[in-house]
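K.L.:
First, the structure itself, so that you have it in front of you.
The values are calculated or read from the model by the stated rules, or taken from the named source; none is laboratory data. Predicted model only: the values in this text are computed from it and were never measured. Heads up, the Cβs are rebuilt from the backbone with ideal geometry, glycines too, and the neighbour counts pull from every protein chain shown. To get the accessible areas, we keep the full protein, side chains included, count just its heavy atoms, and leave off ligands, DNA and RNA. Shrake-Rupley method; radii C 1.70, N 1.55, O 1.52, S 1.80 Å.
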Amino acid sequence: MTIHQKPHTQDNLEDGKRQFSVVGKSVRRTDTFEKVTGLGKYSGDIELPGLLYGKMKRSDIAHALIKNIDVSKALALKGVKAVLTHRDVPRILHYGSPHPRSASCTRDQYILDDRVRYWGEGVAAVAAESEEIAEEALRLIHVEYEPLPAVFTVADALKPEAPLIHDNGLDKNNVMPPVVIRRGDVEKGFAEADLILENEYVLGRPVPGYMEPNVCACQWDGNGKLTIWSSTQTAFMVRGILAEVLGVPYNKVRVIVDHMGGGFGAKQDLFQHEFLCALLARQTGRPVRMEFTRKETFLGGRTRHSGKIRLKQGFKADGTITARHARIVLDGGAYGSHSPGVTTVGTSALTSLYRCENVDLEGRAIYTNTPIAGAFRGYGVVQTYFALDLQMDEAAERLGIDPAELRLRNAVRTGDLAPSDHPVVGHGLEACIRRGLDEVDWKAARAATAAQPGGVKRRGWGIGCEMHGSSAYPGIKEQGNAIVKMNEDGTVTLLTGTAGLGTGAHTALSQIVAEEIGIPFSAVQVVTGDTDIVPWDIGAFASHTTYMGGRAAQIAAAEVRRQVLEQAAPLLEAAPEKLAIREGIIHVEGANRSISLKEVVSPKRGMPAAQIVGVGTYSPTKSYSFAAHFAEVEVDTETGEVAVLQVVPVHDLGKVIHPIAAAGQIEGGIQQGIGHTLSEDYVIDLTNGRSLNPSFVDYKMPLSMDMPPIRTIILEAAPDPGGPFGAKGVGEDPIIAIGPAITNAIYDAIGIRFRHYPITPEQVLNALRAKQKEAA
Amino acid sequence: MKRLVSMTVNGEEIELAIPPYRTLLDVLRNEGRLTGTKKGCDVGDCGACTVIMDGSPVNSCLVLGIEAEGATIETIEGQHAGPDLPHLIQEKFMDHGGAQCGFCTPGIIMMTKALLKENPNPTESEVRFAIAGNICRCTGYAKIVDAVLAAAEDLRKGRTL
Ligand code: FES
Ligand code: FES
């Protein structure tokens with residue numbers, strides 16, 4: 001891992017040339033001792049006296065009306081305490097993922113409906129004295145279905161005779177009105193082009209594969225207040241929607257998330273079991289836990305949107321892009337969930353990365369009777385940049401320009417309009433490409449692959465690029481909040497609503513607070529994950545946790561610092577502006593006088609000197625992080641297997657707060673991206689909508705032996721004035737650039753352009769055979 | 001019908017009344033109140049439930065509780081010496097960023113302990129082979145492998161497991 005830290009040069013960054021004492025250092029993470037010792041409590045670990053076990057009955061048909069559900073046998077089973085069907089639960093239409101005031105999500109779900117729209121949808125729930133009894137009870141529930149015609153592909157869902165999955169007043173099975181973006185004059189652009197390329201790209205259906213299956217536990221107290229421990233990225237969203245659907249005020253729902261075993265975006269949604277668990281607990285008067293089996297995380301979880309992209313671009317002989325035309329159709333699955341957001345973000349991403357003044361883009365999401373597609377790291381951009389960056393490679397070859405050079409010529413630059421309609425800050429993409437070219441010695445590497453003699457194993461190098469926004473603005477107007485409290489001994493307590501899904505964000509926020517006040521990292525304690533205690537937060541997603549929550553924490557910490565200095569000034573006989581805090585000692589700048597922070601704030605005559613509290617609120621617009629990935633692959637032409645030999649990811653993060661945590665995000669994103677590109681696809685039986693591989697054996701993710709060496713390089717090329725100390729997001733970026741890098745490397749190795757993912761050994765072999773036949 | 005089973009868990013002999021069909025994983029988590037061992041799949045595919053049973057690593061979701069009668073079990077909770085006193089392997093996972101969400105971590109640490117007991121001097125590929133059955137979806141494994149190799153290096157310098 002290499003970190004290139006250089007002093008910031010932009011004068012709009014308040015911290016122009018400061019030296020950092022905590023930020024930029026890989027301090028020991030605040031949550032890590034509990035994780036490595038097994039002492040940390042995840043939502044499924046909470047011990048509640050009198051606990052009942054909840055389980056969900058799932059449909060074994062993809063599209064049907066429920067004519068009748070007979071639960072009498074289940075209810076009669078000893079140890080069964082409650083059974084709920086659609087007849088027993090509030091019938092309130094709700095958003096799958098209730099981002100407030102946002103158009104990202106659709107309102108099309110009930111807790112339980114009298115109709116099922118995909119194979120595996122929940123139709124009933126039971127609570128029993130043990131998991132085994134609950135499972136037995138599920139078998140005793142008899143559901144009578146009246147089958148409806150079903151569609152399992154977008155193509156079928158768009159046919160005139162297709163069944164309507166939701167009656168939302170739109171054209172056949174459209175989740176929302178199309179996302180349309182037009183700038184400039186595309187026709188003129190194509191007319192000026194020396195080369196026009198038009199291709200179709202086909203996207204597979206990967207799943208997040210978080211290790212902790214969805215789980216929650218619910219308990220009501222005597223005053224009618226619900227406490228729910230849930231594995232969610234959006235605790236306050238869960239609180240809001242639960243309260244609304246259950247008909248209780250917000251202050252009677254308390255959501256607790258301590259440790260969380262991954263989410264990768266998908267755990268932004270509200271799942272059926274979260275409502276049902278609360279209702280079962282209310283009905284039985286006992287705490288209830290509902291935990292998905294691994295199979296259920298596939299059936300009832302969320303997938304990335306599969307689909308098709310038709311992309312057409314015009315190029316001048318010098319590589320200038322004259323026009324870009326794209327039609328994106330995504331499979332939303334049975335419910336809208338994040339389809340509007342994913343489609344918007346993915347479609348608008350095509351306005352940028354590589355400059356083009358004339359664009360005509362249209363994105364749509366279509367309902368089908370397949371599992372729900374939701375939010376997943378890379379949120380639509382994985383899909384559209386896969387198409388864009390593959391076509392760039394093809395254009396480079398046709399134009400006789402080196403593929404990296406073509407990207408450099410077109411790379412988005414400072415002041416260009418970003419997909420969010422904001423000016424891009426800095427030349428981050430260019431910096432990433434150039435640094436990577438040096439690191440891998442690109443010219444020599446490509447010359448070596450071009451010169452390799454024919455043989456069974458063929459190597460290739462490829463490049464992929466991306467940019468991704470921290471925060472979901474302008475789709476959602478977000479907000480991060482923090483409270484920083486000074487304690488009487490000079491230590492500090494940080495309260496943040498930001499969820500900790502495993503990224504190390506709480507540590508980064510604590511570092512920011514320590515840095516801002518001028519105290520050691522060890523003097524900060526962070527309190528998280530309890531909606532009754534911490535300030536409101538929109539949730540952990542959109543690569544915004546450090547960017548937005550961190551900035552809120554910085555603002556709160558600055559206020560604490562101001563109040564401390566105000567207290568210290570008379571003691572030091574100096575104006576507050578003349579004071580600086582370093583390592584918990586307050587110095588008079590230029591004079592030899594100092595006092596410890598502890599002394600300033602500690603009790604005098606039994607009372608603290610002052611109640612020192614800072615509150616920070618931050619509503620960001622947007623900043624963009626950039627990356628260029630360079631991958632070397634080896635294709636076995638006898639087996640069709642593709643091995644990734646090494647990856648060099650170069651990321652511009654503006655300012656790195658915790659290098660090891662940042663690099664960990666990059667390496668983990670690459671792991672998931674390698675999976676998407678080469679092996680991961682959640683397969684649906686197109687005759688009946690049943691999932692064919694809902695297990696870790698049949699859904700193949702890259703494991704320890706599959707992972708290549710990764711040489712991570714982090715740049716601080718383009719700090720963002722909106723982020724804490726210039727920092728930008730990192731969570732989503734790495735999963736976007738790796739797919740094109742690998743696919744382009746495969747072309748370099750065997751001269752075959754794949755325009756889909758995943759690229760399986762069987763497809764590689766077939767393509768090689770077809771190529772041989774053609775040659776013969 | 002519950003059955004009485006006695007086993008030694010983290011050095012302590014315990015007796016538990018358990019249903020005969022319950023897995024060791026569920027017994028540890030429920031009756032044993034040791035929730036550090038995680039359930040990622042319950043069918044032997046992910047390694048999150050790895051514990052050391054009579055000296056060998058096992059997927060505790062594939063062992064019945066009653067099969068552990070008389071056995072010696074080591075779980076993640078028994079590794080550190082006290083607050084702020086991590087086990088050598090735990091210390092390396094903390095320092096090298098080997099745990100992100102941490103859900104795979106207890107299983108991988110127990111697998112690492114079993115590996116280093118057998119082979120205190122593993123190569124990188126031996127480390128990768130040893131944890132091939134432990135799924136981690138967060139880290140890309142790089143920092144996990146770093147942590148294991150760092151622990152092995154400290155073993156060679158005289159520290160013990
Ligand atoms: S829980 Fe035992 S192997 Fe996954
Ligand atoms: S750290 Fe999350 S699965 Fe390994």
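K.L.:
Of all strands (runs of 3 or more DSSP E) completely enclosed by segment A:557-637, which ones contain at least 1 residues that are within 27 Å of A:Pro721 (Cβ to Cβ) and out of contact with any helix residue (DSSP H, G or I) (no Cβ under 9 Å at 6 or more places or on another chain)? Show your work before the answer.
P.N.:
On the way: elements: A:579-582, A:585-588, A:594-596, A:613-618, A:623-636.
Where strands (runs of 3 or more DSSP E) fall fully within segment A:557-637 and carry at least 1 residues being within 27 Å of A:Pro721 (Cβ to Cβ) and out of contact with any helix residue (DSSP H, G or I) (no Cβ under 9 Å at 6 or more places or on another chain), they are A:579-582.
K.L.:
Could you give me the residue pairs with C-beta distances under 6 Å whose first residue belongs to segment A:349-362 and is in a loop (DSSP other than H, G, I, E, B), whose second residue is open to solvent by 30 Å² or more (accessible area, probe 1.4 Å) wherever it lies, and which are 6+ apart or on separate chains?
P.N.:
A:Glu357/A:Gly184; A:Asn358/A:Gly184; A:Asn358/A:Asp185
K.L.:
Which of the residues spanning segment B:112-144 are of a type outside the set (Gly, Ala, Ser) and either within 18 Å of A:Gly502 (Cα to Cα) or facing another protein chain (nearest Cβ under 7 Å) (or both)? Walk me through how you get there before you give the answer.
P.N.:
Filtering segment B:112-144 for residues of a type outside the set (Gly, Ala, Ser) gives B:112-113, B:115-124, B:126-129, B:131, B:134-139, B:141, B:143-144.
Result: B:Arg128, B:Phe129, B:Ile131, B:Asn134, B:Ile135, B:Cys136, B:Arg137, B:Cys138, B:Thr139, B:Tyr141, B:Lys143, B:Ile144.
K.L.:
Residues in segment B:121-161 that are in a loop (DSSP other than H, G, I, E, B), within 15 Å of ligand 2 (Cβ to nearest atom) and among the basic types (Lys, Arg): how many?
P.N.:
Result for segment B:121-161: 1.
K.L.:
Could I ask something else about it? Name, by its number, the condition in (1) in contact with a Lys or Arg (Cβ under 8 Å, 6 or more places away or on another chain); (2) open to solvent by less than 10 Å² (accessible area, probe 1.4 Å) that does not hold for A:Phe264.
P.N.:
Exception for A:Phe264: condition (2).
K.L.:
Only strands (runs of 3 or more DSSP E) wholly contained in segment A:430-509 count here; list those with 1 or more residues that are open to solvent by 40 Å² or more (accessible area, probe 1.4 Å).
P.N.:
On the way: elements: A:457-470, A:480-486, A:492-496.
Output list reads A:457-470, A:480-486.
K.L.:
Quick check, is B:Pro86 farther than 25 Å from A:Asp706 by Cβ and facing chain A (nearest Cβ under 7 Å)?
P.N.:
On the way: farther than 25 Å from A:Asp706 by Cβ: yes; facing chain A (nearest Cβ under 7 Å): yes.
Spelling it out, B:Pro86 is indeed farther than 25 Å from A:Asp706 by Cβ and facing chain A (nearest Cβ under 7 Å).
K.L.:
Then there is this: Of these, A:Leu164, A:Leu75, A:Leu112, A:Leu140, which one is of a type in the set (A, V, I, L, M), within 20 Å of A:Tyr367 (Cβ to Cβ) and surrounded by fewer than 24 Cβ atoms within 10 Å (Cβ to Cβ)? Break it down into steps so the answer makes sense when it comes.
P.N.:
Details: A:Leu75 fails: within 20 Å of A:Tyr367 (Cβ to Cβ); A:Leu112 fails: surrounded by fewer than 24 Cβ atoms within 10 Å (Cβ to Cβ); A:Leu140 fails: within 20 Å of A:Tyr367 (Cβ to Cβ).
After ruling out the rest, the residue left standing is A:Leu164.
K.L.:
Could you please tell me which pairs satisfy a Cβ distance under 9 Å, a separation of 6+ or placement on different chains, a first residue in segment A:81-96 that is open to solvent by less than 10 Å² (accessible area, probe 1.4 Å), and a second residue that is of a type in the set (Phe, Trp, Tyr)?
P.N.:
The qualifying pairs are A:His94/A:Tyr110; A:His94/A:Phe275; A:Gly96/A:Phe271; A:Gly96/A:Tyr335.
K.L.:
Considering only residues that are open to solvent by less than 30 Å² (accessible area, probe 1.4 Å) and without any contact (Cβ under 8 Å) to a residue 40 or more places away in the chain, which ones fall in segment A:658-692? Spell out how you get there, then give the answer.
P.N.:
Our first condition is that a residue be open to solvent by less than 30 Å² (accessible area, probe 1.4 Å); within segment A:658-692, this holds for A:658-659, A:661-678, A:680, A:682, A:684, A:689, A:691.
If the condition is that a residue be open to solvent by less than 30 Å² (accessible area, probe 1.4 Å) and without any contact (Cβ under 8 Å) to a residue 40 or more places away in the chain, then A:Gln671 is the only one that fits.
K.L.:
Also, I was wondering about something else. Is it the case that B:Thr23 is hydroxyl-bearing (Ser, Thr, Tyr), within 13 Å of chain A (Cβ to nearest Cβ) and closer than 17 Å to A:Lys35 by Cβ?
P.N.:
Values: hydroxyl-bearing (Ser, Thr, Tyr): yes; within 13 Å of chain A (Cβ to nearest Cβ): yes; closer than 17 Å to A:Lys35 by Cβ: no.
So B:Thr23 fails the test.
K.L.:
Kindly indicate whether B:Ile109 is at negative phi, at the interface with another protein chain (Cβ under 7 Å from one of its Cβ atoms), in contact (Cβ under 8 Å) with a residue 60 or more places away in the chain and within 16 Å of ligand 1 (Cβ to nearest atom).
P.N.:
Numbers: at negative phi: yes; at the interface with another protein chain (Cβ under 7 Å from one of its Cβ atoms): yes; in contact (Cβ under 8 Å) with a residue 60 or more places away in the chain: no; within 16 Å of ligand 1 (Cβ to nearest atom): yes.
When the stated conditions are applied, B:Ile109 does not pass them.
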